[in-house]
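What follows is a single structure, written as structure tokens, with notes after it.
The values are calculated or read from the model by the stated rules, or taken from the named source; none is laboratory data. Computed from a prediction, not measured in an experiment: that's the story for all the values here. Here Cβ is always computed from backbone atoms with ideal geometry, including for glycine, and neighbour counts include all displayed protein chains. Heavy atoms of the whole protein, side chains included, go into the accessibility calculation; ligands, DNA and RNA do not. Shrake-Rupley method; radii C 1.70, N 1.55, O 1.52, S 1.80 Å.
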Amino acid sequence: MSDSYELRPGVPSVEDYRRLRTDAGLSDKAPEAAAIALPNTWFGVVLHHEGTPIGMGRIIGDGGTAFQIVDICVHPAHQGHGLGKHIMAALTEELERRAPATAYVSLIADGPARFLYEKFGFADTATHGSIGMYRFMRGR
């Protein structure tokens with residue numbers, strides 16, 4: 001990673017979080033939802049380029065038995081330079097350092113991102129007789 005990039009522990013502001021997600025092609029989140037979620041992050045990192053946030057990743061979970069890696073993204077203008085690997089390395093290093101050995105760590109791999117996650121030891125759940133499932137909540 002060049003000197004113009006800096007990976008810092010923490011989470012972005014709500015505004016930066018929403019911008020980073022949409023810039024990278026992820027779905028937007030309501031400001032109210034992001035304001036609740038971000039302080040509940042177990043561990044996160046923000047990637048800066050010349051002081052501007054251009055990438056991030058977070059770990060959420062109960063701190064003992066279950067963790068999920070979420071919000072991995074890098075602004076398209078900075079993709080293709082291995083920056084996602086740096087984000088994933090920081091997250092997995094923190095899990096290895098602090099998470100109990102029996103913890104279950106999951107993530108959802110969209111498209112070719114699966115190849116990045118496989119480099120960090122993640123495997124398709126279907127090969128273990130499991131399937132991933134999801135549900136979107138309806139607005140109140």
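What does the charge count near W42 come to, summing +1 for each Lys or Arg and -1 for each Asp or Glu among other residues with Cβ under 15 Å from its Cβ?
Once all neighbours under 15 Å are counted, the net charge is -2.
For H128, H48, give me the order by solvent-accessible area with a 1.4 Å probe, most accessible first, ignoring ligands, DNA and RNA. Provide the component values of the computation, followed by the final result.
Details: H128 135, H48 20 Å².
Result of the area sort, largest leading: H128, H48.
For the stretch 1-123, what does the accessible surface come to per residue with a 1.4 Å probe? Please give it in Å².
Values: 6670 Å² over 123 residues.
That works out to 54 Å² for each residue.
How large is the charge dipole for the chain, taken about the Cα centre, if only the Cβ atoms of Lys, Arg (+1) and Asp, Glu (-1) carry charge, to the nearest 20 debye? Mind dumping the intermediate values first?
Numbers: 14 positive and 16 negative charges, 85 e Å.
Its charge dipole is roughly 400 debye.
Per-residue HN-Hα couplings for the stretch 62-79, Karplus 6.51 cos²θ - 1.76 cosθ + 1.60 at θ = phi - 60°, whole Hz, x for Gly and Pro?
8, x, x, 10, 9, 9, 9, 8, 9, 6, 6, 7, 9, 3, x, 5, 10, 6
Of I108, T125, H81, which is farthest towards the positive pole of the stretch 80-140's charge dipole, taken about the Cα centre with +1 and -1 on the beta-carbons of Lys, Arg and Asp, Glu respectively?
I108
Over the Cα atoms of the chain, what radius of gyration and what Dmax do you get, in Å?
Radius of gyration, then largest Cα-Cα span, for the chain: 15.0, 45 Å.
Full-extension gain between E93 and S130, please, as 0.36 nm times their residue separation minus the C-alpha to C-alpha distance. Walk me through the intermediate numbers first.
Values: separation 37, 0.36 × 37 = 13.32 nm, distance 2.56 nm.
The span from E93 to S130 would gain 10.8 nm if fully extended.
Between L91, M56, A30, whose Cα lies farthest towards the positive end of the dipole of the stretch 2-116 when Lys and Arg beta carbons carry +1 and Asp and Glu beta carbons carry -1, centred on the Cα centre?
The residue sitting most towards the positive pole is L91.
Between Q79 and D23, what is the label-point separation in nm under the 7 Å Cα-to-beta-carbon projection?
Rounded to a tenth, the inter-label distance reads 1.4 nm.
Which peptide among 65-71, 86-92, 31-37 comes first, and what is the full order, when sorted by highest mean count of other Cβ atoms within 10 Å? Write out the running numbers ahead of the final one.
Working: 65-71: 18.6, 86-92: 20.3, 31-37: 13.6.
Peptide ranking by packing, descending: 86-92, 65-71, 31-37.
Carbon and sulfur together cover what percent of the accessible area of the stretch 3-49 at a 1.4 Å probe radius? Each step should come with its number before you reach the end.
Working: 1300 of 2480 Å².
Percent of accessible area from carbon and sulfur atoms in the stretch 3-49: 52.
Taking 0.36 nm per residue of separation and subtracting the Cα-Cα distance, what length does fully extending Q68 through A30 add? Each step should come with its number before you reach the end.
Values: separation 38, 0.36 × 38 = 13.68 nm, distance 2.01 nm.
Gain on extension, Q68 to A30, equals 11.7 nm.
What does the charge dipole of the stretch 63-140 about its Cα centre add up to, to the nearest 20 debye, if the Cβ of each Lys and Arg holds +1 and the Cβ of each Asp and Glu holds -1?
Values: 8 positive and 7 negative charges, 60 e Å.
I would put it at about 280 debye.
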